[in-house]
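Here's the structure, in structure tokens; my notes come after.
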Amino acid sequence: MTSDFTVNMDQYLPLRDVVFNTLRQAILKGELKPGERLMEIALADKLGVSRTPIREALRKLEQEGLVVMIPRRGAQVADITEKDLNDVLEVRIALENLSIEKACKRMTDEQIKKLGLAAREFERTIAEDNLVKLAEADVAFHEIIYQAADNVTLNQVQSNLREQIYRYRVEYLKDEEMRNQLVKEHEQLYLAMKERNVEKAQEISFHHIENQRKGIIRSIQGEVNSSQKK
């Protein structure tokens, strides 16, 4: 077990929930890789807990589709499949369209300014070559649009989906060409939102997500081909 992640104790949560959240984030951020075996004893030793909360966490992660149980092998991180990816991004496109529509009508001048600053921050973060930090900068950019939509239920749905998308974000940000493309698309989206041009912003958003989908599929196919050659 060489993955670099640690348990962050929260005095307000039961231990089983702390372990679950720790493992969940490690999977979503790519610290535990697709296909990686999850050995109860190794995880318990690494996190400094007993096997019981590990076992409970793995069951919950299986229910979320982040972990699969393989007969005679035990638990492992679920692979990223094209079907899973397409399902998630289809929903994301629909939610983004609604968010953009509402945000174009409701964004304050201060929120528009923050969106522009977030686009610059994403570009600046590229130089640090930290995938997790870069993914968080990408999340922060889109979060401003979601908040500007000013719809509590919409934000709750997006929050749940955001966790599922996180592991895909880290995957496509591995590609340097993709990072530079995202910088351009963030700037284009910011300008369209500044103009409060709903149709233009939605079109940019669609291509933004579609380019990510294609990039992740290339990455998935590349990893499959690489494993088959071994």
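Below is a table of values for the structure above.
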| quantity | calculated |
| --- | --- |
| Amide proton proximity set for G35, modelled H, under 5 Å, gap of 5+ | V77, A78, D79 |
| Kirkwood Rh in Å, taken over all unlike Cα pairs in the stretch 58-110 | 14.0 |
| Debye intensity ratio in log₁₀ form over the Cα atoms of the stretch 55-165, taken at each q of 0.15, 0.17 Å⁻¹ | -0.81, -0.95 |
| Pairwise label distance in nanometres, Q156 with R218, each label 7 Å out on the Cα-Cβ vector | 3.9 |
| log₁₀ of I(q)/I(0) at q = 0.11, 0.16, 0.17 Å⁻¹ - the chain, Debye sum with one point per alpha carbon | -0.62, -1.16, -1.25 |
| Lys pairs, the stretch 10-122 - Cα-Cα below 26 angstrom, 8 or more residues apart or on other chains | 13 |
| N130/K194 FRET efficiency (R0 35 Å; Cβ-Cβ; nearest 0.05) | 0.75 |
| FRET efficiency, 1/(1 + (r/R0)^6) with R0 25 Å, evaluated for T81 and R120 via beta carbons | 0.10 |
| Where trypsin sites (Lys or Arg not before Pro) fall in DSSP loop in the stretch 61-140, at most 15 other Cβ within 10 Å | R72, R73 |
| The chain, accessible surface, carbon-and-sulfur percent (1.4 angstrom probe) | 48 |
| Whole-number Å³ per residue for the convex hull built on Cα positions in the stretch 99-230 | 100 |
| 10 Å binning of all Cα-Cα separations within the stretch 1-118, expressed as whole percents from 0 upward | 12, 34, 22, 21, 10, 1 |
| Percentage relative contact order, the chain, counting C-alpha pairs under 8 Å, at least six apart | 21 |
| Cα long-axis angle, helix 82-106 against the chain (0 to 90 degrees, to the nearest 10) | 40 |
| Heavy-atom accessible area per residue - the chain, 1.4 Å, Å² | 54 |
| Computed helical MRE - 222 nm, the chain, DSSP H runs ≥ 4 contributing -39500 (n - 2.57), nearest 500 | -25000 deg cm²/dmol |
| Contour excess over end-to-end distance, with Cα ends at M69 and E176 and 0.36 nm allotted per residue | 35.1 nm |
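The values are calculated or read from the model by the stated rules, or taken from the named source; none is laboratory data. These numbers come from a predicted model, not from an experiment. Here Cβ is always computed from backbone atoms with ideal geometry, including for glycine, and neighbour counts include all displayed protein chains. Calculation scope for accessible area: heavy atoms of the full protein, side chains included, ligands and nucleic acids excluded. Shrake-Rupley method; radii C 1.70, N 1.55, O 1.52, S 1.80 Å.
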